[in-house]
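Heads up: the structure comes next, in structure tokens.
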Amino acid sequence: LAFQMRLDPMNIKLRELVKAGAIGQVGYIRRRHCLSVLFSEGFINGGTRWHIDPVANMGMFMDDASHAADFVLWVMGMPVSVSAEIGNTLNEVAADNTGVATYRWADGAFGTVMHSSVVWAAENTCEVYGDQGVIIQNHDDGPSTAFKPPHPVGLKLWTKETGGWEIFDFELPPQHGARISNVARHAVDFLKGEREPICTFAEGEQSSQMILGAYRSSQEGCRVTLPME
């Protein structure tokens, strides 16, 4: 499964910091992953129109929030419940274009996955808050990569021990498409038996449960236990 977030250097470093205990016990993680495609007539009416077909693609939250769900699964493990709101804002061209899902882990941590396909520009993509520090990541989705300020900061760490910010020097691509293109080489290497899978089938099933659970929560107006029966 080609979840490009697992191959991004900033995401890899962020996960390493969390796993190494750089910010202590995690209390909250937020991942925002957005697009501007539903403002584009070419996307809506061209060869990419299958994205907005509810039979082919269910909804844009299923299509794109699945990447963010896999990311928080990769960093935090499988959550035990989800509460969500998913629907349309700003236009009605897709089955849904915006959603917010709140997850809970067995250790008490909270997490939020947010997606919208009607976002022109952005900056912050991930926040992780722990009892010993904070990790902030910027410019790691389409809208935030396309429109960066003059001196963008991609990843930074604040710790209680230092009382200040450590900025990590990552080269940010001009467009998010460069990150997606990076998947191809890794996928080929996997098929040739030269690397482990980017994401296992079992992990793909778990992140799908996270998204399907969010849809059920939104439709039924209730918290949904994960994994679902």
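None of the figures in this text is laboratory data; all of them are computed from the coordinates on show. What you see is a predicted model, and the numbers here were worked out from it, not measured in a lab. Backbone-built Cβ (ideal geometry, glycine too); neighbour counts: all protein chains shown.
Show me the helices (runs of 4 or more DSSP H) found entirely inside the range 112-229 where at least 2 residues are farther than 19 Å from Leu73 by Cα and of a type in the set (Val, Ile, Thr).
Values: elements: 142-146, 177-191, 201-220.
Once the helices (runs of 4 or more DSSP H) in the range 112-229 are filtered for at least 2 residues that are farther than 19 Å from Leu73 by Cα and of a type in the set (Val, Ile, Thr), what remains is 177-191.
Does Trp50 satisfy the condition of being out of contact with any Leu (no Cβ under 9 Å at 6 or more places or on another chain), of a type outside the set (Val, Ile, Thr), part of a helix (DSSP H, G or I) and without any contact (Cβ under 8 Å) to a residue 12 or more places away in the chain? Spell out how you get there, then give the answer.
On the way: out of contact with any Leu (no Cβ under 9 Å at 6 or more places or on another chain): yes; of a type outside the set (Val, Ile, Thr): yes; part of a helix (DSSP H, G or I): yes; without any contact (Cβ under 8 Å) to a residue 12 or more places away in the chain: yes.
Considered against the rule, which asks whether it is out of contact with any Leu (no Cβ under 9 Å at 6 or more places or on another chain), of a type outside the set (Val, Ile, Thr), part of a helix (DSSP H, G or I) and without any contact (Cβ under 8 Å) to a residue 12 or more places away in the chain, Trp50 comes out as yes.
Yes or no, residue by residue, for (1) closer than 18 Å to Arg223 by Cβ; (2) out of contact with any strand residue (DSSP E or B) (no Cβ under 9 Å at 6 or more places or on another chain); (3) surrounded by 21 or more Cβ atoms within 10 Å (Cβ to Cβ); (4) free of Cβ contacts under 8 Å to residues at least 60 places away in the same chain:
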{"position": "Ser40", "(1), (2), (3), (4)": "no, yes, no, yes"}
{"position": "Asn57", "(1), (2), (3), (4)": "no, yes, no, yes"}
{"position": "Asp96", "(1), (2), (3), (4)": "no, no, yes, yes"}
{"position": "Ala106", "(1), (2), (3), (4)": "yes, yes, no, yes"}
